[in-house]
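Reviewing the structure listed below.
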Amino acid sequence: MQHELITDATLVSNYIKGDERAIEILITRHKQRVYSFIYSKVFDRDVAEDIFQDTFIKVIRTLKHGKYNEEGKFLPWVMRISHNLVIDYFRKNNRMPKFSNTGDFNIFSVLSDSSLDAEKSIIKSQVEKDVRRVIEELPEDQKEVLVMRVYNEMSFKEISEKTGVSINTALGRMRYALINMRKIIDKHNIVLTN
């Protein structure tokens with residue numbers, strides 16, 4: 001009960017000063033939220049568990065090396081680390097994440113009516129499948145930026161940091177991804193409307 005009163009920032013500070021119990025409290029406090037987020041992306045308990053472990057290994061390393069500077073924003077920082085590890089997992093395994101439309105805004109969703117009848121729902125699912133197929137045909141660097149920007153809602157600054165390229169290069173890759181998507185859509189005569 002007493003642990004709830006201690007802020008994340010205080011626990012982080014205590015851990016950096018050598019209080020090993022502080023990190024245990026932080027992990028226990030945020031385990032459910034972080035694990036649920038990871039699981040919602042990978043849909044595999046073992047993979048989620050591995051990514052969860054890797055997330056906190058990275059958190060501990062960063063704190064130990066004194067590189068943490070997200071004052072008062074511990075959970076969003078941890079979520080960003082887990083998010084990046086999920087992206088790394090998909091990239092390593094060369095497969096796209098399973099995206100569902102439960103609550104998350106999907107920029108490619110042409111049909112947004114939640115009370116879809118069966119026909120519209122089939123069309124909507126086909127459109128999303130077509131969009132994923134089109135994305136798969138993009139060059140790897142363009143696909144990476146597009147997925148980070150659209151599906152993972154990362155800023156171009158975050159994309160730049162994650163991929164190690166300049167913001168202008170990331171913007172250029174996004175622009176070319178959209179141009180190439182139009183070409184692929186035309187080439188395959190894909191219709192993305194109802």
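The values are calculated or read from the model by the stated rules, or taken from the named source; none is laboratory data. Here the structure is a predicted model, which is why all the values come from computation and not from measurement. Cβ: placed from backbone, ideal geometry, glycine included. Neighbour counts: every protein chain shown. Surface accessibility is based on the protein's heavy atoms, side chains included, excluding ligands, DNA and RNA. Shrake-Rupley method; radii C 1.70, N 1.55, O 1.52, S 1.80 Å.
Listing for the model above:
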item	result
Filtered residues of the stretch 42-55 (kept if on the phi < 0 side of the Ramachandran plot, in contact with a Lys or Arg (Cβ under 9 Å, 6 or more places away or on another chain) and either at pLDDT 90 or above or open to solvent by 20 Å² or more (accessible area, probe 1.4 Å) (or both))	Ala48, Ile51, Phe52
Thr193 being β-branched (Val, Ile, Thr), over 22 Å from Trp77 (Cα atoms) and either open to solvent by less than 70 Å² (accessible area, probe 1.4 Å) or at pLDDT below 65 (or both)	yes
Among the candidates His65, His30, residue that is in contact (Cβ under 8 Å) with a residue 24 or more places away in the chain and within 20 Å of Asp8 (Cβ to Cβ)	His30
Qualifying residue in the stretch 163-177 (condition: under 15 Å from the mean Cα position of the chain (by Cα) and either surrounded by 14 or more Cβ atoms within 10 Å (Cβ to Cβ) or modelled with pLDDT under 70 (or both))	yes
Every residue from the stretch 68-83 that is under 14 Å from Ser13 (Cα atoms) and either open to solvent by 80 Å² or more (accessible area, probe 1.4 Å) or in contact with an Asp or Glu (Cβ under 6 Å, 6 or more places away or on another chain) (or both)	Asn69, Glu71, Lys73, Phe74
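Quick grid of which residues meet (1) at pLDDT 85 or above; (2) of a type in the set (Lys, Arg):
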site	(1), (2)
His65	yes, no
Glu71	no, no
Tyr89	yes, no
Asn101	no, no
Leu111	no, no
Lys120	no, yes
Lys124	no, yes
Glu137	yes, no
Ser155	yes, no
